[in-house]
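Take a look at the structure set out below.
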Amino acid sequence: MLVTFILAIISSMLIDNVVLSRFYGICPFLGVSKKVKSSLGMGIAVVFVIMLATIICWPLYNYVLVPAGVAYLDTVTYILVIASLVQLVGLFIKKYSPSLYKSLGIYLPLITTNCAVLGVAQGNTDQGLTFLMALANGLGTSIGFLIIIVVFSAIRVRLETANTPKAFKGLPIALITAAIMALAFMGLRGLFTGINI
Amino acid sequence: MMQKQLPMHSGVNKMAREKGSVRKNFLKGLFTENPLLVSILGTCPALATTKTLEAALGMGFLFTIVLICSSMLVSLLRKIIPEEIRTPAYIVIIATFVTIVKMMTNAFLPELYSTLGVFISLIVVNCIVLGRAEAYASKNGVFDSFIDALGMGVGYTLAIMLMALFRELIGTGAFSFGTIFTFIPYFKLQIIPASYEISLFQTPAGAFIVFALILATIAFIKNRKAELKANLAKQEKARKLAEAQAAAAKVQAGGSK
Amino acid sequence: MPNAKKYILTGVILGSIAAVAAGLIAATNLITAKKIKQNELDKINAGLATIYGNDAKVKDEADLENYEYSVHYYAVENSQSEFLGYAVKTSGSNMYGKISLIAGFDNATHAFMSLYMIVNEQSYATTLVEKYIEPLNKDSSKLDDVTCGATYGAKLVRDMVNDAKAAADALWSKQNG
C-alpha cells in the first residue's frame, strides 16, 4: 500500500511529469521569473494550493456533489474553491512574509489560472481515484512542478548572457531548452518495468 | 467627426462607427494581437492537443464557443456586476459555459471528448478567456465583444492548427481525418512516405520545438521588418543631410561672390 | 446603513448569477444525459460485435457485486439464439488513468477470447494499445506479457481480465447448477 503510494508520487513527479509530459502549468513555467529565489517561492505556494485543493475538492465531490446528483457542477465548484484558496494563501503570505509577497507580485493571483491546480483537482475525480491516490497525485504533481520551475529558472539565468541568435532570444530558446528537458525526462519511462507489485 | 455632427441619432452613430472598425476589431485577433503567437497565452492546450490536426480544430472550435458566449454574457451584465466581485463572477460565468460545452461534447462528439479529456475543463483557466472578459468585454458593448471574441477565437484556432499541421505532417507523414469528427468518412492523406517520419514531433519535446520554431520565425520576420524600416530611416536622414549641406554650400558660394 | 445595503446587493447579484448558472447547467444535463447513455450503449454493442461477431446481441445482463474490477456482465447470444458466452465489463484505474473494458469469454471453452477497450485514459494510451492490447487480441495466451512501453497499464488490464474470468466462471457454475 505504502509502496504503491510512493511509486504513484514518483511517477507523477518524474515519469509523467506535470509540465514536460502532461503540459500543465506551462504559462507560469515560461513566464517564470529569472530569479531562482522567486521561482522557489512560487513553486512552494503552488504546492500549498494544490495540496489544499486536493484535500478540499475530493471530499466535496464524493460526499456532497455525487450524493446530491449534481456531479456535473464539479468544474464550477473546483474553480471557485481554487480562487478562494489562492486569495487565502495570498493573505497568509502577505502577513507572514511581506518580502515574498512583493517578489511574487502578479504571479500569485495567476496561480488561479495555473492549469496544474484545476488539472489535478479535476483529474482526481475524473479518473475516480481513491483519496490516497488523489493525495499522491497532488503531491507528485506539485513537487514535480516545483522541481521543474526551479531548474528551469536556473537555466534561464544562464541563457540571459548566452550568445543566442537574434530571432531565438527570449521565449524561443527557452522553449528549445524545455524540449531538451522533456527528452531527458522521456528516458525515465522505463523506470519501474522490472518491479513486481 | 460624424459623431459630433449627429449627436441625437446614436443608432446611426454606431453603424457609421462600426463599418471600418468592426473589420479591424476582428482582424486584430488574427494577426497583431494573436492570443497564442503574440500575447503567448493559452499555451497549455496549444501544446497538449496539437498532436493531430483534427484534435486542434476541435479544441479551437470549443474554445471559440466558450470565448464568444462568455464575452457576450459578461458584456451584457457589465453594468450590473459590482466592482469587488468582478473576478469571481466572471469565473462562474466562464465555468458555466465550459460545463455546458463539456456536456454537449460528451453527448454529440464523444470521440472529441475522449481525445481532449481534461483539457476541455481547462478552458476555464485559459488566460485568454478571463483576459478578454476583464480587458474588453467588461468595457464594451455586446456586439463589439462578440466580434472581438470571434477574432480572438479564430486567431487561436488558426495558430494551434498551424502547430498541429507541422506536428502531424512531420511526425507521421500523413493527415488523418474522420477519427474525431466521425460524420466525415475516415481517410488518410499520406504526404510524406511513412518511413521518413520523425516521430519526435508527436512527443511532448516535439511540441516545444515546433512552438519555438514558429515563434522564432515570427521574431525573425519582425526583426527584418524593423531593420528595413531603420535602414530606410537612415537613408532618409543621410539624404536630408546631403541636401542641407548642398544648400549651405550654395549659399556660401553665392555669398562669397 | 449604505454599507450593509452594498454587501447585500453584492451577495444577491453573485447568488443570482450562480443560481442562473446552475440552472443552465441542469437544463443542459437534461438534454444530454440521455444521449450520453445511448452513446455508452452503442459502444457496448460495438464491443460485443468486435469480440463475438456482427450478429452478437445481449440476451440479458445484470450488475456484479463484490468483485474488484468487474461491474456488469452480458450474456451474449447470436441471431439464432445460440448462447455465445459471457462478456464482463470491468472498470478500474491506476495512477496513470482510468480503464474500462469488456472481456469476452467463450461458452464452449470458458476461455478468454479477446477484449474491447471502452475507456482508455492512460497517459501512454497508444503505447498500451499498440504493444499490448493488439497482440493480446490476436493471441489470447499473451495475457502475461505485460512488459511493454506501458507496463502499469498492461498490468491493470491483465488484473482486470483475470478478475473478469473469475466472475465469468462463477456465472457458469451458477448456470450449470
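The values are calculated or read from the model by the stated rules, or taken from the named source; none is laboratory data. In this text, all values refer to a predicted model and were calculated from it rather than measured experimentally. Please note: Cβ atoms are built from the backbone with ideal geometry, for glycine as well, and neighbour counts cover all protein chains shown.
General observations
- Criterion: at negative phi, out of contact with any His (no Cβ under 6 Å at 6 or more places or on another chain) and modelled with pLDDT under 90 - qualifying residue of A:128, A:90: A:90
- Among (1) within 12 Å of another protein chain (Cβ to nearest Cβ); (2) farther than 30 Å from residue A:19 by Cα; (3) of a type outside the set (Val, Ile, Thr) - the single one residue B:215 does not satisfy: (2)
- Subset of the stretch B:196-218 that is assigned to a helix (DSSP H, G or I) and in contact with a Gly (Cβ under 8 Å, 6 or more places away or on another chain) - its residue that is farthest from residue A:167 (Cα to Cα): B:196
- Pick from the stretch B:171-212, criterion surrounded by fewer than 17 Cβ atoms within 10 Å (Cβ to Cβ) and hydroxyl-bearing (Ser, Thr, Tyr), ranking: farthest from the other protein chains (Cβ to nearest Cβ): B:196
- For residue A:84, the conditions (1) touching a residue at least 40 places away in the same chain (Cβ under 8 Å); (2) within 13 Å of another protein chain (Cβ to nearest Cβ) all hold with the exception of (1).
- Criterion violated by residue A:138 - all others in (1) closer than 22 Å to residue B:123 by Cβ; (2) within 7 Å of another protein chain (Cβ to nearest Cβ) satisfied: (2)
- Hey, residue A:102 more than 12 Å from every other protein chain (Cβ to nearest Cβ), touching a Phe, Trp or Tyr at 6+ places or on another chain (Cβ under 7 Å) and without any contact (Cβ under 8 Å) to a residue 40 or more places away in the chain or not: no
- Given (1) away from chain C (no Cβ under 14 Å); (2) more than 15 Å from the chain's Cα centre (by Cα), index of the condition residue B:98 fails: (1)
- When residues in the stretch A:117-134 are screened for being hydrophobic (A, V, I, L, M, F, W, C) and either within 9 Å of another protein chain (Cβ to nearest Cβ) or in contact with a strand residue (DSSP E or B) (Cβ under 9 Å, 6 or more places away or on another chain) (or both), 4 of them pass.
- Screening residue C:15 against (1) touching a helix residue (DSSP H, G or I) at 6+ places or on another chain (Cβ under 9 Å); (2) over 26 Å from residue C:156 (Cβ atoms); (3) within 12 Å of chain B (Cβ to nearest Cβ); (4) not aliphatic (A, V, I, L, M) leaves a single unmet condition, (1).
- Residue A:112 touching a Phe, Trp or Tyr at 6+ places or on another chain (Cβ under 6 Å), surrounded by fewer than 24 Cβ atoms within 10 Å (Cβ to Cβ) and outside any loop (DSSP other than H, G, I, E, B): no
- Checking each residue in the stretch C:35-74 for being over 14 Å from the mean Cα position of the chain (by Cα) and touching a residue at least 24 places away in the same chain (Cβ under 8 Å) picks out C:50, C:51, C:52, C:53, C:55, C:56, C:59, C:67.
- Note on the stretch B:66-95: residues that are at the interface with chain C (Cβ under 9 Å from one of its Cβ atoms) and under 20 Å from residue B:142 (Cα atoms) total 8.
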